[in-house]
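A.B. asks: Below is the structure I would like to discuss, written out as structure tokens.
The values are calculated or read from the model by the stated rules, or taken from the named source; none is laboratory data. Since we're looking at a predicted model, the values are computed, not measured. For neighbour counting, all protein chains shown are included, and Cβ atoms are generated from backbone atoms with ideal geometry for every residue, glycine included.
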């Protein structure tokens, strides 16, 4: 009886399922049986279609619901400004670090050399997207998969809800609209969680095709250089930038890290900022000495908008995919992507695979195939663990800085 329960729990362990799918996919790829290759091709196409299904909606509702959900910031304007300003500062720096490492390591120089599909063979002009920042109608950016237009609409809708006058009638309407955006985002998040559950199947399919392409001469040096960019961006942000940020407020980085270590560890293994929130609050109050008032306000807000690791991942991944398909990214585009990665990271959900799905959505919205994202997928489980731990560490740094600079609120 006990052995049956134990085997069942192991079988349903997500991490073990992902590992089993990856290993099985590699073995099946080396066997190279036509029916297995065809099945893997079918599985990956279905998985890509599911990613496309949630692509534009998750961008719009994630950003809009995040901004609209800040309706109580007026009551704590001083505290809110500090949280938001510190969050944007660290997130922008994270994206910039990712860009710097991308330029130094230059993984595109040894790219995956994948052939362009018909969807990307057409001339791509980023300025065409810039001219459509303000679309002629609400439906247009969704119909055309114009990610910049969708982001613009999301920001406009969210900001408009924040400035609606506070008379009873309008406040009631604001509540209905805010609830609508939040509920729709919850729907998209639920669909995303279902896709996450079948992720081992997708990993198996992509692993089979990855080995098959490797046997046909695929260069993977660029892939490992790309992974090095992402990992190094996280390590630099967590080990250099954030400690420097803390020292500016005369806070000991080592002492804060020790105090928040249980929460950071939990974030690493659960891969969910939301799931780690209760423990993070406890560590902040009991171990780090952060005031309860500041902790209860800052951590929930940071869990929603403070995604340092996601910003770096989005920027490095998008530039890597664009470069791998032959698009020469200009300095203007690089600077613009630092901003887009920051905004997208702010709207990202603190759930497992949230950053991966959001990045895939951005690529789909720009009409790029998700072949490389499929190749990255088997490696993303470890990246996601590192990113979530960094996000909680960043939340802790922001909370400590706000607490230090808001003595009057204690």
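A.B. asks: What are the residue pairs meeting all of these: first residue in segment 77-98, first residue buried (at least 24 other Cβ atoms within 10 Å of the Cβ), second residue at pLDDT below 85 and outside any helix (DSSP H, G or I), Cβ atoms under 6 Å, and 6 or more apart or on different chains?
C.D. replies: So the pair list comes out as 87/306.
A.B. asks: Mind listing whichever residues of segment 19-44 are exposed (fewer than 15 other Cβ atoms within 10 Å of the Cβ) and under 12 Å from residue 204 (Cα atoms)?
C.D. replies: Listed by number, the residues that qualify are 23, 27, 41, 42.
A.B. asks: Let me ask you something else. Would it be correct to say that residue 96 is within 23 Å of the chain's Cα centre (by Cα), at pLDDT 75 or above and over 22 Å from residue 330 (Cβ atoms)?
C.D. replies: no
A.B. asks: Could you check segment 235-287 and list, in sequence order, the residues that are crowded, with 16+ Cβ neighbours inside 10 Å, at pLDDT 90 or above and not in a helix (DSSP H, G or I)?
C.D. replies: 251, 287
A.B. asks: Quick one: is residue 315 within 27 Å of residue 65 (Cα to Cα), in contact with a helix residue (DSSP H, G or I) (Cβ under 6 Å, 6 or more places away or on another chain) and touching a residue at least 60 places away in the same chain (Cβ under 8 Å)?
C.D. replies: yes
A.B. asks: Quick one: in segment 177-226, of everything that is more than 24 Å from residue 24 (Cβ to Cβ) and modelled with pLDDT under 75, which residue is farthest from the chain's Cα centre (by Cα)?
C.D. replies: Applying the filter and picking the extreme gives 219.
A.B. asks: Touching a residue at least 12 places away in the same chain (Cβ under 8 Å) and more than 20 Å from residue 86 (Cα to Cα): is that true of residue 307 in this structure?
C.D. replies: Here the answer is no, as residue 307 does not meet what is asked.
A.B. asks: Can you name every residue in segment 364-398 that is in a loop (DSSP other than H, G, I, E, B) and within 15 Å of residue 241 (Cβ to Cβ)?
C.D. replies: Hits for segment 364-398: nothing passes.
A.B. asks: Whether any residue in segment 296-303 is in a helix (DSSP H, G or I), free of Cβ contacts under 8 Å to residues at least 40 places away in the same chain and surrounded by fewer than 23 Cβ atoms within 10 Å (Cβ to Cβ) is what I want to check.
C.D. replies: yes
A.B. asks: Show the residue pairs meeting these rules: Cβ distance below 7 Å; 6+ apart or different chains; first residue within segment 205-220 and on the phi < 0 side of the Ramachandran plot and crowded, with 18+ Cβ neighbours inside 10 Å; second residue in a loop (DSSP other than H, G, I, E, B) and modelled with pLDDT of 70 or more.
C.D. replies: Cβ pairs passing all conditions: 212/32.
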